[in-house]
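Participant: The structure under discussion is supplied below as structure tokens; questions concerning it will follow.
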Amino acid sequence: MSDQNLAKQRVNKQRVNKQRVNKQRVNKRRVNVWSALIILMVLLHLAVACTPNSTESSNSNELQSTDIQEADLDTGVIDAPMKEMDPLNDSPESSEETSESETELNQNFESSPYLLIGKGNRDFIAMDDGEVSTLHRGCQGAQHLWVSLRLPMHAPDAYALELQLVDEQNELLAPPFTLTEEFWLAYEDSNEGTMGSEIIGLTLVIFDPTRVVGNEALVKAKVTVDDQVLESRVWVEVQWGADAC
């Protein structure tokens, strides 16, 4: 056999080997593709099986709602519309506080001499029943009354303070004002010969001035100091004052 024939056989053998390798690669790729497709189909099947049927859930909810409505009709129970809540009287505590009648507001109540109610946002201005307390428009769109308090003979470190403004039926005209952390400042009244602590410029916010302007309102103050409860009240006539801003 000549060298030329040997060379042709070698080339043909190499070509056959190369074709065999390429075919094996193609078959391996096909196997990989089919394996990936099978895995993907299994995952999709599991996802569909785990997803709740929204239509069945919706139908179930509708059936439950229908059953409840039918039960209500059978028992005579009908949902009543919710009563609109008054922001000034929206809790059981508020309803208890407003249960006091007009007679009880004035009957046998004496203000504590150790808790004085006044007005003013810079200085304490004493007030008696029937005096004018001015309503001021604030910078944020609401209106407020200035209230100042004095505690003769007291310098509290810990206390609880509450202010209320009510009408003759003891209905709230402003949200209750509470305070526990503001510092009381020392004062000395040379005219009265007394000294103690005072807090100036508390605000009772009025959302509806038409309910208070030109009418009388009762300022109620309560301060608890060292387990001692001090209460005082004063009737004021509310009139418009200068804007605060």
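Participant: Test of understanding: what is the full-extension gain from Glu131 to Asp189, defined as 0.36 nm times their sequence separation minus their Cα-Cα distance?
Facilitator: 18.8 nm is the gain from fully extending Glu131 to Asp189.
Participant: Continuing with the same structure: Could you give the length gained by full extension between Ala158 and Ala244, i.e. 0.36 nm per residue of separation minus their alpha carbon distance, to one decimal place?
Facilitator: Going from the current span to full extension adds 27.9 nm.
Participant: Figure the gain on full extension for Glu182 and Gln228 (residue separation times 0.36 nm, minus the Cα-Cα span) and round it to one decimal in nm.
Facilitator: 14.7 nm
Participant: Could you please rank Asp167, Asp208, placing first whichever residue has the fewest other Cβ atoms within 10 Å of its Cβ?
Facilitator: Result, fewest neighbours first: Asp208, Asp167.
Participant: How do Glu110, Glu168, Glu198 rank when sorted from fewest to most other Cβ atoms within 10 Å of their own Cβ?
Facilitator: Lowest to highest Cβ neighbour count: Glu110, Glu168, Glu198.
Participant: Over the Cα atoms of the range 99-245, what Rg and Dmax result, in angstrom?
Facilitator: Cα radius of gyration and Dmax of the range 99-245 are 14.9, 41 Å respectively.
Participant: In which sequence would Lys220, Lys119 go, from the one with the fewest C-beta neighbours within 10 Å to the one with the most?
Facilitator: Least crowded to most crowded, the residues run Lys220, Lys119.
Participant: Under the definition of Cα pairs under 8 Å and six or more residues apart, what whole-number percent is the relative contact order of the range 117-245?
Facilitator: 35
Participant: How large is the charge dipole for the range 118-157, taken about the Cα centre, if only the Cβ atoms of Lys, Arg (+1) and Asp, Glu (-1) carry charge, to the nearest 20 debye?
Facilitator: The calculated dipole for the range 118-157 is roughly 220 debye.
Each reported figure results from applying straightforward, stated rules to the coordinates on display, with no laboratory input. Quick caveat, the model's predicted, so the values are computed rather than measured. Note: ideal-geometry Cβ built from the backbone for every residue, glycine included; neighbour counts use all protein chains shown.
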